[in-house]
1. I'd like the full set of residues that are open to solvent by 30 Å² or more (accessible area, probe 1.4 Å) and either of a type in the set (Gly, Ala, Ser) or under 24 Å from LYS110 (Cα atoms) (or both), limited to segment 1-20.
2. Yes or no: GLY77 at pLDDT below 95 and either within 22 Å of ILE132 (Cα to Cα) or outside any helix (DSSP H, G or I) (or both)?
3. With GLN154, GLN99 as the choices, which residue is touching a residue at least 60 places away in the same chain (Cβ under 8 Å), in contact with a Gly (Cβ under 9 Å, 6 or more places away or on another chain) and surrounded by 15 or more Cβ atoms within 10 Å (Cβ to Cβ)?
4. Looking at LEU30 and the list (1) part of a loop (DSSP other than H, G, I, E, B); (2) open to solvent by less than 40 Å² (accessible area, probe 1.4 Å), which single condition is not satisfied?
5. Looking for something outside any helix (DSSP H, G or I), open to solvent by 80 Å² or more (accessible area, probe 1.4 Å) and at positive phi - is there at least one such residue anywhere in segment 104-127?
6. All but one of (1) over 26 Å from VAL7 (Cβ atoms); (2) in contact (Cβ under 8 Å) with a residue 60 or more places away in the chain hold for GLY114, so report the exception by its number.
7. Select from segment 100-121 the residues that are of a type in the set (Ser, Thr, Tyr) and in contact with a strand residue (DSSP E or B) (Cβ under 7 Å, 6 or more places away or on another chain) and list them in ascending order.
8. I need the full set of residues from segment 97-106 which are under 18 Å from ILE149 (Cα atoms) and not β-branched (Val, Ile, Thr), in order please.
Amino acid sequence: MHNPLYVAYHDEEWGALRLDDGYLYEMLILESFQAGLSWECVLNKRESFRTAFDGFDRAKVSRYGEEKIEALLQDRGIIRNRLKIRAAIQNSRVFGEIQTEFGSFSTYLKTFAGDAVLYETDRTTNALSDAISKDLQKRGMKFVGSTIIYAYLQAVGLISSHEKDCYLYKRQHSLL
């Protein structure tokens, strides 16, 4: 991979356990826009997404109305898909409801995942992503199928999928 953004993301972020709600929210929104696209496409637009979505301020995004949706649909810096934009707004509302119910989104995720990081490769879904996806959909979230949630769990470090020949795999496993 020659894309410096992608290399930096892999080396500094992907798979590193990070469970603060601001980051969990940002990654959930970005992963939902990935549906049907490559992560590299989303990653290349991340800064534009950050600007367009008010610094990933969940409370602000949850209040977006039709005028803001139309503005986002004109923003060439992001993925301009009406269904995904509407889903981001709806998902922001549900994310807030989950925070209220559980105290944090991190606590919500831990009700499924516990405190352990799962190490596995060559998967795109598992029982954990299936369960979280099903619950999020039941709560009203969109673009959160099991494959997207699996990628999300990898991104935030609840699932570590670095290959055995990757230096990060070796570093993570030397800590065990």
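The values are calculated or read from the model by the stated rules, or taken from the named source; none is laboratory data. Please read these numbers as outputs of a predicted model, since none were measured by experiment. Cβ placement follows ideal geometry from the backbone for every residue including glycine, while neighbour counts extend to all protein chains displayed. When the accessible area is computed, the model is the full protein with side chains, heavy atoms only, and any ligands, DNA or RNA have been set aside. Shrake-Rupley method; radii C 1.70, N 1.55, O 1.52, S 1.80 Å.
1. Scanning segment 1-20 gives ALA8, HIS10, GLU12, GLU13, TRP14, ALA16, LEU17, ARG18, LEU19, ASP20.
2. no
3. Answer to the selection: GLN154.
4. (1)
5. Yes, some residue in segment 104-127 is outside any helix (DSSP H, G or I), open to solvent by 80 Å² or more (accessible area, probe 1.4 Å) and at positive phi.
6. Result: GLY114 passes all but (2).
7. Of everything in segment 100-121, just one residue is of a type in the set (Ser, Thr, Tyr) and in contact with a strand residue (DSSP E or B) (Cβ under 7 Å, 6 or more places away or on another chain), namely TYR119.
8. Result: GLN99, SER104, PHE105, SER106.
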